[in-house]
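What follows is a short report on a single structure.
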Amino acid sequence: MTRLSNASLTQLDAKVATPNYDRTAVSAGIVHFGVGGFHRAHQAMYLDELMNQGKALDWGIVGVGVMPGDRRMQEALASQDHLYTVVLKHPDGNYEPRVVGSIIDYRFAPDSPDAVIELMADPAIRIVSLTVTEGGYNFHPVTGEFNLENADVQHDLANPGEAKTSFGLITEALARRRERGVAPFTVMSCDNVEGNGNVAHKMFTAYARARDAELAAWIEAEVPFPNSMVDRITPVTTPTDIEELSSRFGVEDAWPVVCEP
C-alpha cells in the first residue's frame, strides 16, 4: 500500500492516473471556500485536466475552511501534499481512479484570519469561489434577507481583520484591494442554489452595506457575481470507499472522492 504524496506518485499502480505536470510550477489563482466532495470532483478536477494539457498553471486552488469540521479536511490534505483521488464508479462495477493535483494549499481560517484575507488581497487571485451549501449564505428562511443578527456576522462587522465568516473574510479582502488600487476578484458561487450568483451578490452586498456604504457601492459596481449551473453526484466518502481504493489499487488516501461518471 502506498501513501499518497508528491514523492509517491511514480510508485502508484499504473491503473491510477496521476498529474503529468510539475506541481511546483503551479501558482494560486483561485481561493475556494468549502472544499468538499463536489468541489474536488468538479472544479478542481477540471483544472487538473487543463494542467495536464500544460495550461492553467497559474490557476491553482487554495482551499479555505471556516467551520470547525473543516479542520479534518485541512489535516487530511496537508498529510498528502494536498493530493487526493477521484474514483469514478461505473455502472458495470468498474472503478476508474485518478489523482488530482490542482489544489496546492489549504488554510483553516480560524488559525489565521489575516493570512487568509491577505491571500485573497493578492492580485494573483482572480476568483474566490464557494461551495458552502444553501445554509452558508445566511439568509432568513422566510424573508430571504441577509441575517444581520447572526452572532458571527456581528463579530465580523466589529472586527474585520479577525473575521470568522466567509462574508467577513471576503469583504475585508475586497476592501484591502480597493484601498491598494487592485482590481477585485470575481466571487463565484458553485452551490446548488437557484440564481446562485444573484443570491451571493445580494448577501455579500448586504453585509458590506452594514459595514461601509461606500465599500458596498464599489462592490455593487465592480465585483462580478456570475450565476452558474452545477451538478454532480458525490456521495459522502465512507470507510468502505477508502478501503476499496486501498485493496483494488494499493493507494492510501485519507479522503478520496467517489462519484458518478
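See the values below:
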read-out	value
Answer residue from the stretch 98-124, given it is over 15 Å from the mean Cα position of the chain (by Cα) and part of a helix (DSSP H, G or I) and is surrounded by the most Cβ atoms within 10 Å (Cβ to Cβ) among those	PRO113
Test: residue in the stretch 125-139 that is of a type in the set (Val, Ile, Thr) and either at positive phi or loosely packed, with under 13 Cβ neighbours inside 10 Å (or both)	yes
Count of residues meeting criterion [over 15 Å from THR85 (Cα atoms), touching a residue at least 40 places away in the same chain (Cβ under 8 Å) and of a type in the set (D, E, K, R)] in the stretch 1-50	1
Leading residue by the ranking (nearest to GLY37 (Cα to Cα)) among those in the stretch 247-259 that are modelled with pLDDT of 95 or more and touching a helix residue (DSSP H, G or I) at 6+ places or on another chain (Cβ under 8 Å)	VAL257
From GLU220, GLU244, residue being of a type outside the set (A, V, I, L, M, F, W, C), in contact with a helix residue (DSSP H, G or I) (Cβ under 9 Å, 6 or more places away or on another chain) and over 15 Å from GLY37 (Cβ atoms)	GLU220
Single condition VAL236 does not satisfy, out of (1) within 17 Å of the chain's Cα centre (by Cα); (2) under 17 Å from SER129 (Cβ atoms); (3) not hydroxyl-bearing (Ser, Thr, Tyr)	(2)
Residue check for ARG232: in contact (Cβ under 8 Å) with a residue 40 or more places away in the chain and more than 23 Å from VAL35 (Cα to Cα)	no
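The values are calculated or read from the model by the stated rules, or taken from the named source; none is laboratory data. Predicted model, so just to flag it, every value in this text is computed and none were measured. A quick note on method: Cβ atoms are made from the backbone with ideal geometry, for glycine too, and the neighbour counts reach across all protein chains shown.
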